[in-house]
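Some notes on the structure that comes next.
The values are calculated or read from the model by the stated rules, or taken from the named source; none is laboratory data. Everything quoted here is computed from the prediction, not taken from an experiment. Glycine also receives a Cβ, built like all others from the backbone with ideal geometry; neighbour counts cover every protein chain displayed.
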Amino acid sequence: MHLVSFIESGAGRIGVLDPGRGEVVDLARAAPGLPRDMQGLIALGEAGLREARDAVASGAARLPLAQVRLCAPLRPVRNVFCVGKNFRDHVHEVRAQVVAGQGAEAAPEVPIFFTKSTSSVIGPGEPIPASQDPTETADYEGELAVVIGRGGRGIARAEAFDHVYGYTILNDVTSRRLQKQHQQWFLGKSLDGFCPLGPALVTRDAIPAMAALRIRTHVNGELRQDGMAADMVFDIPTLVAALSAFITLQSGDILSTGTPAGVGAGFAPPRYLRAGDRVAITLEPIGTLENPVG
């Protein structure tokens with residue numbers, strides 16, 4: 001299922017997107033016993049998904065997609081967990097821009113984790129505020145993001161997918177100069193509005209073949225990134241196991257899995273985002289996350 005958060009008639013609700021028919025099932029009306037926000041639905045696990053599926057099958061409470069405004073599928077309670085240098089081609093293209101002393105010329109031996117602030121999250125269609133970056137080095141990074149369902153600590157690699165609720169698309173927007181100046185990645189990646197998320201949260205059962213997922217990023221219609229999930233240095237089970245070995249994962253946590261080659265910093269000269277640009281990240285079957293740049 002494609003789960004969405006949306007606003008209609010001034011009220012925020014959650015629903016199920018039917019991409020083929022261009023409709024949204026309003027769960028507040030079709031399944032009034034369910035929570036009104038995505039965090040609450042995720043916490044219910046499979047029981048909540050069964051009720052949502054029944055609501056879809058009933059044919060009730062359908063709204064034209066054009067009548068609603070999609071928001072970020074969920075608002076994380078904690079910082080978004082991210083992984084750096086998780087595609088080998090991306091490691092090589094940005095080795096000159098990576099903070100000194102981080103082994104830029106080789107893929108990392110263990111996952112490199114960092115976080116993005118909750119205030120950086122925005123939804124599809126919302127402007128990326130590149131103008132708020134005084135260094136004028138805002139860059140895009142199209143990524144597959146994992147949403148945790150059942151939390152836990154010390155999750156075994158073989159059991160990792162049992163803790164995955166679903167997937168969405170994340171744009172890890174980054175101020176490259178701030179990233180280098182501060183000798184760490186958090187500040188340059190956590191400016192307000194620097195984490196577009198969406199358009200939908202697709203449940204785990206809808207994407208059984210993870211390695212076949214293709215990540216494509218277009219800027220102003222030009223293809224910049226084109227990578228496969230199979231090319232990750234560390235796959236999703238490895239990332240979940242490595243992170244949960246030290247941090248208790250919670251229901252609704254977001255883990256973004258890294259970006260392939262083709263970021264603006266990799267060009268000579270760099271091609272950073274400017275006001276008026278449009279960034280569109282496509283990852284089927286999730287859809288396309290598109291944002292203008294302001």
Any chance segment 157-165 includes a residue that's buried (at least 24 other Cβ atoms within 10 Å of the Cβ), closer than 22 Å to residue 238 by Cα and either of a type in the set (A, V, I, L, M) or without any contact (Cβ under 8 Å) to a residue 12 or more places away in the chain (or both)?
no
Conditions (1) surrounded by fewer than 15 Cβ atoms within 10 Å (Cβ to Cβ); (2) within 30 Å of residue 128 (Cβ to Cβ) -> residue 54 fails only (2)
Evaluate the following for residue 242: is it surrounded by fewer than 21 Cβ atoms within 10 Å (Cβ to Cβ) and out of contact with any helix residue (DSSP H, G or I) (no Cβ under 7 Å at 6 or more places or on another chain)?
yes
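Would you check if residue 123 is in contact (Cβ under 8 Å) with a residue 24 or more places away in the chain and surrounded by fewer than 19 Cβ atoms within 10 Å (Cβ to Cβ)?
Numbers: in contact (Cβ under 8 Å) with a residue 24 or more places away in the chain: yes; surrounded by fewer than 19 Cβ atoms within 10 Å (Cβ to Cβ): no.
Criteria not met by residue 123.
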Could you list, in sequence order, the residues of segment 19-44 that are surrounded by fewer than 16 Cβ atoms within 10 Å (Cβ to Cβ), over 16 Å from residue 73 (Cα atoms), in contact with a helix residue (DSSP H, G or I) (Cβ under 9 Å, 6 or more places away or on another chain) and not basic (Lys, Arg)?
22, 33
Considering residues of segment 166-199 that are touching a Phe, Trp or Tyr at 6+ places or on another chain (Cβ under 9 Å) and of a type in the set (A, V, I, L, M, F, W, C) only, the residue surrounded by the fewest Cβ atoms within 10 Å (Cβ to Cβ):
186
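Return yes when residue 202 is buried (at least 20 other Cβ atoms within 10 Å of the Cβ) and assigned to a helix (DSSP H, G or I) and no when it is not.
Working: buried (at least 20 other Cβ atoms within 10 Å of the Cβ): yes; assigned to a helix (DSSP H, G or I): no.
Here the answer is no, as residue 202 does not meet what is asked.
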A careful count of residues in segment 45-76 that are part of a helix (DSSP H, G or I), of a type in the set (A, V, I, L, M, F, W, C) and closer than 24 Å to residue 256 by Cβ gives 1
When only residues in segment 208-229 that are modelled with pLDDT of 95 or more, within 17 Å of the chain's Cα centre (by Cα) and outside any strand (DSSP E or B) count, which is surrounded by the fewest Cβ atoms within 10 Å (Cβ to Cβ)?
213
Segment 12-38 residues that are farther than 17 Å from residue 200 by Cβ, paired with ones that are β-branched (Val, Ile, Thr) (beta carbon under 7 Å, 6 or more apart):
36/14
